[in-house]
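Enquirer: To start, I am sharing the structure in question, which I have written as structure tokens.
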Amino acid sequence: MTSHTSSTPAAVARSDSYYGRPVIKAPSWSARDIAGYFFLGGLAGAGSVLAAGAHLTGRTATATALKVSSLTAVGLSAAALVHDLGRPSRFPNMLRVFKPTSPMSMGSWLLSAYGPAAGAAALTAVTGRLPKAGAAATAAAALLGPVLATYTAVLAADTAVPAWHGAHRELPYLFGASATGAAAGMALVAGPVHENAPARYAAALAAVADGAALRAAERRLGTVAVTYREGRAGRLMRAARALTAAGTVGALLLGHRSRIAAAGAGLALLAGSACTRFGVFAAGIASAQDPAHTVGPQREAVERRTTRSQ
């Protein structure tokens, strides 16, 4: 065997991986399907929470619009997941097992519970029938909504992908904030101007939380954070920040004055949330393909433990 393939400690320390190949296998997930699934699930879950608030405060038009949009979003997210799985039969097969330690198993059961609740809430709102049953369904969807909006972050972080696993504490907060921004955007687009004050304030809070969560994730990731700043992921994350900021400013300054301005701000918030989900996905794939992002954090951890023990 030639010297450059030596397995001695010195050789291992000098090379990031065997012949520079990736140390882990990047997920074979489709960006369109899975990143879309992340975004649509967040929109549905957070939308149900805002819908419940609108329902309780008498903002009927906004509540109905959000219930319908949440049902549509969860249906599309399930379709994206099934498309990535390859065969529709694979989704019900996942329900044959209830495994609390598996994010995928729990996510499948979550979709199965949330979907009917969101469907009943939307149907009763549109038809005006069975108001008590509709209120119960609205509450059930709102209770499951935050979990639906954030569990995909747990699903991603449960992998060995450095840019996801390394930010396992911050990623759910980032996804939750992004989902809230998307739901606020949908309320601005679909609801009347005189009912959109909560959505405008929610957009502002989401924008602040989104930025704080991303900065915290980048600090924890250290050198791996570069995957969120360069390449496709970097472009998407910069677009997300610009769109979220524009949508928030537009919502706060003009959203209560003009239907067109409110809709424009809402669309910017929706686009910003989508860019965040696709950017996180792209950063994960980039980190898995570069062996330095797998080996580097491990070496840094070893060095920190060695320093503390001395």
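The values are calculated or read from the model by the stated rules, or taken from the named source; none is laboratory data. What you see is a predicted model, and the numbers here were worked out from it, not measured in a lab. Positions of Cβ are generated from backbone atoms using ideal geometry, with glycine treated the same way; all protein chains shown enter the neighbour counts. Please note that ligands, DNA and RNA were not included when accessible areas were found on the heavy atoms of the full protein model with its side chains. Shrake-Rupley method; radii C 1.70, N 1.55, O 1.52, S 1.80 Å.
Enquirer: How many angstrom lie between the Cα centre of the stretch 64-85 and the Cα centre of the stretch 262-279?
Expert: With the stretch 64-85 and the stretch 262-279 each reduced to a Cα centre, they are spaced 17 Å.
Enquirer: Ignoring ligands, DNA and RNA, what percent of the accessible area of the stretch 28-309 is carbon or sulfur (1.4 Å)?
Expert: Exposed carbon and sulfur together represent 66 percent of the surface.
Enquirer: Assigning unit charges at the beta carbon (Lys, Arg +1; Asp, Glu -1) and nothing else, what dipole magnitude in debye, to the nearest 20, does the stretch 28-309 show about its Cα centre?
Expert: That gives the stretch 28-309 a dipole magnitude of about 120 debye.
Enquirer: Of all GluC sites (Glu not before Pro) in the stretch 186-241, which ones are in loop regions per DSSP and have a Cβ with at most 13 other Cβ atoms within 10 Å?
Expert: Here the GluC sites (Glu not before Pro) that fit, given the DSSP loop and packing criteria, are E230.
Enquirer: Near F281, within a Cβ-to-Cβ distance under 11 Å, what is the net charge of the other residues, with Lys and Arg +1 and Asp and Glu -1?
Expert: +2
Enquirer: Next question. To the nearest 10 square angstrom, how much accessible area does S287 have with a 1.4 angstrom probe?
Expert: The value for S287 is about 0 Å².
Enquirer: At 1.4 Å probe size, with no ligands or nucleic acids counted, give the accessible surface of V126 in Å², nearest ten.
Expert: Around 100 Å² of this residue is reachable by solvent.
Enquirer: I've got another one for you. Please compute the per residue accessible area over the stretch 28-309 with all protein chains in place, 1.4 Å probe, rounded to a whole number of Å².
Expert: Values: 12580 Å² over 282 residues.
Result: 45 Å² per residue.
Enquirer: Quick one: order W29, W164, W109 from most to least accessible surface, probe 1.4 Å.
Expert: Correct descending sequence by accessible area is W109, W29, W164.
Enquirer: Among residues other than A122 whose Cβ falls under 14 Å from its Cβ, what is the net charge (Lys/Arg +1, Asp/Glu -1)?
Expert: It works out to a net charge of +2.
Enquirer: Could you please tell me the mean projected area of the C-alpha convex hull for the stretch 28-309, averaged over all directions and given in square nanometres to one decimal? The partial results should precede the final answer.
Expert: Numbers: hull surface 62.8 nm².
The number I arrive at for the stretch 28-309 is 15.7 nm².
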